[in-house]
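For reference, the structure is listed below as structure tokens.
The values are calculated or read from the model by the stated rules, or taken from the named source; none is laboratory data. Because the structure is a prediction, the values reported are computed rather than measured. Positions of Cβ are backbone-derived with ideal geometry, glycine not excepted, and every protein chain shown enters the neighbour counts. The accessibility values were calculated without ligands, DNA or RNA, using every heavy atom of the protein model including side chains. Shrake-Rupley method; radii C 1.70, N 1.55, O 1.52, S 1.80 Å.
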Amino acid sequence: MSNVIICLFAANGFDRAAQGVSGAGQRLAADNGGRLHAVVIGAADDALQTALSPLAETITSLAFSEYQPEACLNTLTQVCRELAAHAVLFGNDTYSQELAPRLAYRLGGSAVADGIELLPHGDKLRVKRAVYGGKAVATIELQRAPAVVWLRARAFEPAEPREGVNAEIKHVMPEAVPATTRIIERKNEAAGEARLEDAAIIVSGGRGLGGPEPFEDLKALAAILNAQVAASRAACDSGWCPPTWQVGQTGKKVAPGLYLAVAISGASQHLAGISDAKNIAAINTDADAPIFKHCRFGIVEDYKKVIPLLKEKLAAAKS
Amino acid sequence: MNIVVCLKQILDPLAPAREFRVDADKKEAVRGSASLVTNIFCENALETALQFKEQLGAGKITALSFGPESAEDSLRKALAMKADAAALVVNDGHPHPDPLAVAQVLAAAIGKLGIFDIVMVGRESGDWGVGQTAGLLAEVLGVPSVSFVDHIETVDGKLRLKRQTDNGFEIVEAAPPLVVSITNDEHNVPRIPKTRDVMMSFRQPLTRFTLDELGVDAAAIRAGGDYYEVIELSIPVKDVNCEFVNGDSLEQKVEQFAQRVLAITQSL
């Protein structure tokens, strides 16, 4: 039995990250000769069920009214045991990173973070991941089954739907446990916007911007490009923008079609978060800045002079 | 409130990438001229603990590290930042013990240190970026965990933890004992210790544990690889050549840049 379970959060829907996890799970199950099962944390709505139905054998919907890790872990452990999981895959979101190692422990398995490639090796799973802030890549073999992996989901292609096959849908009421932790307030600062991890185009600012005001210019540029705004750790640590914008080893790992780095020197920690970007372009005064070693194209000029002209030209072309 | 802050000493992540080398046989980075530093998220954890203690007006913070002898430097720095005590578990075995082994050793050391209310760890390390210590430690200790916290306070005698999420933040109410992983924000940037405190830190006692003293399965930890094994470590080859836009004027350069941006965005 070599079943693969993908764990998705209902609140995120079938976003690009969920598609990547599904694709990775589908190929791993095929390689192992096993079956793909989906577990949705939170009640799976019709859209998510419709998206997953042609991909998985079963969809187990854990109808939590509120995410609570202890209750979630108990139920997930039970479901993974019943489905005889050989591998359990998560995305790279906050809750997944919190649950995955604890689930691995409860199942007697092994976990690994931020996988960018899955390589079945006999009855074990090898996982490639970036280490040392993206300066190196390690291949790690998980010694205990099940293999629990959270994935840099944009690094994986979406799954191929199977024709004429629909998943069996199961609804599981989670086991009631005394809540040891309780969420008493939640604030979504990016409500209504696409998650950075799902953005096709990102305009990102760094320490070289010198303060919070230039981010208003970046927002205006992003609006023209229909892009999301992001930032380096230095900019977030300075309080110029919220931590949810932070890209890098210490922030979000993104994989846009275009990553436009403005006044970002390109510390390895930042590069670790954008290594899956298909195209990187940069605006920087220093031609020797490390960011340019990762760029398709760049401009060596002061961003203060470039951004107004660039906005003008892009707006004219778009209209 | 008894707080244990776990600190990991790592190769300085800010060392230039051009000097970075790996030993493919040992499957680890070559130190070269790079400094050894405390992992930044661990320092964020210590800063968060110090601020929490200041708010409470009482408490004890113990800095704990599992690593080579050189990890004493990280602990001395923690004492200089005003941690109350420090303990080092000397790793005389595998240089990169797997995440479960780390959690088992830390849990055993915490057991030796006595009663704890909160264990704080950095959310991940700047070298291997494992990101599992908090979760595994919570499981081994049998207590809850909350991840990606950047601030802790008490309200009506209960702990309130502000945690970062993918889209914003949450306030989580919890009761000790528990394990939290700490992430960075603008409020928990590590303080710089005073010169006098740095000097004083070298006079303070530092508890040492050996693996054998902790009663863990030291042989398994020394062997490594029971949870996971590093098969290969290499430096990826980048084949990107940056094309700098050129032109006689800024206008021309920006025009070219805009055209390239448009070409890509239209193809997406």
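For the reader, a short list of remarks on this structure follows.
- Any hit, region B:196-205, residues being of a type in the set (K, R) and more than 21 Å from B:E54 (Cβ to Cβ): yes
- When residues of region A:66-84 are limited to those that are at pLDDT below 90 and assigned to a loop (DSSP other than H, G, I, E, B), the one surrounded by the fewest Cβ atoms within 10 Å (Cβ to Cβ): A:E66
- For region A:127-149, taking the residues that are closer than 18 Å to A:A29 by Cα and buried (at least 22 other Cβ atoms within 10 Å of the Cβ), the one that is nearest to the other protein chains (Cβ to nearest Cβ) is identified as A:L142.
- Residues (in a helix (DSSP H, G or I) and basic (K, R)) located in region A:8-48: A:R16, A:R27
- Positions within region A:229-239 being over 17 Å from A:I280 (Cα atoms) and crowded, with 22+ Cβ neighbours inside 10 Å, in sequence order: A:R233, A:A235, A:C236
- Pick from region B:177-193, criterion at the interface with chain A (Cβ under 9 Å from one of its Cβ atoms) and under 17 Å from A:L99 (Cα atoms), ranking: farthest from the chain's Cα centre (by Cα): B:L178
- Meets criteria (out of contact with any helix residue (DSSP H, G or I) (no Cβ under 9 Å at 6 or more places or on another chain) and among the polar types (S, T, N, Q)) for A:S319: yes
- In the set (1) free of Cβ contacts under 8 Å to residues at least 60 places away in the same chain; (2) surrounded by 24 or more Cβ atoms within 10 Å (Cβ to Cβ); (3) within 11 Å of chain B (Cβ to nearest Cβ), A:A272 fails one condition alone, (1).
- Which listed residue, of B:A258, B:A220, B:A263, is within 14 Å of another protein chain (Cβ to nearest Cβ), under 30 Å from A:P146 (Cα atoms), open to solvent by less than 80 Å² (accessible area, probe 1.4 Å) and assigned to a helix (DSSP H, G or I): B:A220
- Remark: A:N226 falls outside the filter, which requires a residue to be surrounded by fewer than 22 Cβ atoms within 10 Å (Cβ to Cβ), touching a Leu at 6+ places or on another chain (Cβ under 7 Å) and facing another protein chain (nearest Cβ under 10 Å).
- Restricting attention to region B:227-245, the residues being open to solvent by 30 Å² or more (accessible area, probe 1.4 Å), of a type outside the set (A, V, I, L, M, F, W, C) and at pLDDT 90 or above number 4.
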